[in-house]
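Report on one structure; see the data block that follows.
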Amino acid sequence: MTAELFGAAWGELVEELDWERLGRTYCEGDGSTFFDEEKVEGVLETGLGLVDELVNALPPKGSGRSLYLGAAVAELPLILAEKLVLGRAVLWLNLAGEEVEELTRALHVVGAKLGLDLPLPSTQPLSNYADASCDHLWMASVLTDPDVFPALHDELYGRAGTPMGTGRGDLESERGRAEALSRELLAKAAETGVISTTDEELTLLRKLAREAGLDLRVPRDGIESAIVGDVVRFVRFRATAAR
């Protein structure tokens with residue numbers, strides 16, 4: 001596994017992906033020009049920065065297994081680097097939809113062309129995967145998705161009742177769904193590792209992590225994500241005696 005393989009895979013994906021189709025999944029209007037050359041380069045640049053931060057945060061003798069929840073275009077460089085450069089096992093879960101369909105299609109094509117077993121997004125539920133098996137959990141800008149959690153989006157961003165809010169959804173039911181999803185994710189945490197998440201989602205995860213017997217160490221610095229613009233932090237965790 002080498003950086004050269006990563007470079008080859010990324011280059012082929014940039015050529016293979018239907019960026020106009022992907023752009024339309026991110027915008028209410030046409031969106032066909034959303035992923036211009038500058039945006040795609042920004043995804044790569046940010047992704048490489050995330051790789052560096054992750055390498056520094058991972059435990060030296062971890063499980064070597066990552067679980068990405070809700071990852072998509074912005075996480076592609078990091079997911080590829082984990083597999084092709086770091087040699088880690090990668091589980092990647094997301095909801096079915098046009099974006100996941102396009103990513104899966106392109107990854108199949110590029111993997112076959114280069115003879116590589118590239119990670120593919122799955123729509124299987126979290127419950128299908130073993131507990132306490134992952135030393136890296138990724139959930140960034142998932143609980144703030146305005147389409148899936150509109151009321152929680154407004155609450156976590158401080159937009160409730162403002163013109164910037166969605167004005168939709170039911171906060172109580174969405175919070176319940178978000179907490180259930182987060183508990184399922186935290187159950188996959190190994191004894192030590194990293195949770196990659198945003199400041200907004202941390203407001204929910206701190207309490208749930210304590211309940212799950214995980215001690216969190218939140219770093220001072222983070223990296224702004226390439227598309228949504230949320231700050232992602234690599235939060236170290238360690239299982240407590242009470243787990």
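The values are calculated or read from the model by the stated rules, or taken from the named source; none is laboratory data. Predicted model, so just to flag it, every value in this text is computed and none were measured. Cβ: placed from backbone, ideal geometry, glycine included. Neighbour counts: every protein chain shown.
Looking only at the range 62-75, how many residues end up being closer than 21 Å to residue 19 by Cβ, within 9 Å of the chain's Cα centre (by Cα) and either surrounded by fewer than 24 Cβ atoms within 10 Å (Cβ to Cβ) or β-branched (Val, Ile, Thr) (or both)?
Within the range 62-75, residues that are closer than 21 Å to residue 19 by Cβ, within 9 Å of the chain's Cα centre (by Cα) and either surrounded by fewer than 24 Cβ atoms within 10 Å (Cβ to Cβ) or β-branched (Val, Ile, Thr) (or both) number 3.
When residues of the range 17-35 are filtered for being surrounded by fewer than 16 Cβ atoms within 10 Å (Cβ to Cβ) and either touching a helix residue (DSSP H, G or I) at 6+ places or on another chain (Cβ under 8 Å) or in a helix (DSSP H, G or I) (or both), how many remain?
The qualifying residues number 7.
Within the range 112-129, track down each residue that is touching a Ser or Thr at 6+ places or on another chain (Cβ under 9 Å) and either at pLDDT below 95 or among the aliphatic types (A, V, I, L, M) (or both).
120, 128
Can you find even one residue in the range 193-208 that is at pLDDT below 95 and among the aliphatic types (A, V, I, L, M)?
Within the range 193-208, none of the residues are at pLDDT below 95 and among the aliphatic types (A, V, I, L, M).
Among the numbered criteria (1) buried (at least 18 other Cβ atoms within 10 Å of the Cβ); (2) closer than 24 Å to residue 139 by Cβ, which one does residue 110 miss?
(2)
If the Cβ limit is 9 Å and pairs must be 6+ apart or interchain, which residue in the range 203-224 that is among the acidic types (Asp, Glu) pairs with which residue that is at pLDDT 95 or above and in a loop (DSSP other than H, G, I, E, B)?
That search, which allows pairs on different chains as well, returns 224/230.
Restricting to the range 190-235, give me the number of residues that are surrounded by fewer than 22 Cβ atoms within 10 Å (Cβ to Cβ), aliphatic (A, V, I, L, M), part of a loop (DSSP other than H, G, I, E, B) and under 13 Å from the mean Cα position of the chain (by Cα).
2
In the set 55, 43, 109, 148, which member is part of a helix (DSSP H, G or I), free of Cβ contacts under 8 Å to residues at least 60 places away in the same chain, β-branched (Val, Ile, Thr) and out of contact with any Ser or Thr (no Cβ under 6 Å at 6 or more places or on another chain)?
Result: 55 is the single residue among 55, 43, 109, 148 that is part of a helix (DSSP H, G or I), free of Cβ contacts under 8 Å to residues at least 60 places away in the same chain, β-branched (Val, Ile, Thr) and out of contact with any Ser or Thr (no Cβ under 6 Å at 6 or more places or on another chain).
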